[in-house]
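The values are calculated or read from the model by the stated rules, or taken from the named source; none is laboratory data. Please read these numbers as outputs of a predicted model, since none were measured by experiment. Cβ sites come from the backbone with ideal geometry, for glycine too, and all protein chains shown count toward neighbours. All accessible areas refer to the heavy atoms of the entire protein, side chains included, with ligands and DNA or RNA removed. Shrake-Rupley method; radii C 1.70, N 1.55, O 1.52, S 1.80 Å.
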Amino acid sequence: MSHRIRAVFQDGVFVPQQPCDLPEGAEVELTLDDPYTIPPQITDPEEKKRILKEVVENMRNHPFPENAPRFTREEMHERR
């Protein structure tokens, strides 16, 4: 059975932020969801230009449908 538990990484260990009903020494598997993943630095100006062009082209080729729902600022920044 799966459980989702939030934890903070401190002093080299993951510290649960809520009680978890596990026996001492229980082995678990962690899946990390990192919302702060930073892409590698791209220093070549031509590569940056190519990537930007590709992003703009993809946006133009896949526009939002006219009937797409409109979200409020609060909905767009909601944290669960």
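Here are a few things to note about the model shown:
- Test: residue in segment 46-53 that is loosely packed, with under 10 Cβ neighbours inside 10 Å and farther than 30 Å from SER2 by Cα: yes
- Within segment 10-37, restricting attention to residues that are polar (S, T, N, Q) and in a loop (DSSP other than H, G, I, E, B), the residue that is nearest to the chain's Cα centre (by Cα) is THR37.
- Whichever residue in segment 60-80 is in a loop (DSSP other than H, G, I, E, B) and of a type in the set (Lys, Arg) and, among such residues, is surrounded by the most Cβ atoms within 10 Å (Cβ to Cβ): ARG70
- Of note, MET1 satisfies the criterion of being free of Cβ contacts under 8 Å to residues at least 24 places away in the same chain and exposed (fewer than 10 other Cβ atoms within 10 Å of the Cβ).
- For segment 25-45, the candidate set comprises residues that are over 30 Å from MET1 (Cβ atoms) and not β-branched (Val, Ile, Thr); within that set, the residue that is most open to solvent (accessible area, probe 1.4 Å) is GLN41.
- Selected residue (criterion: nearest to the chain's Cα centre (by Cα)) from residues of segment 38-59 that are assigned to a helix (DSSP H, G or I) and acidic (Asp, Glu): GLU54
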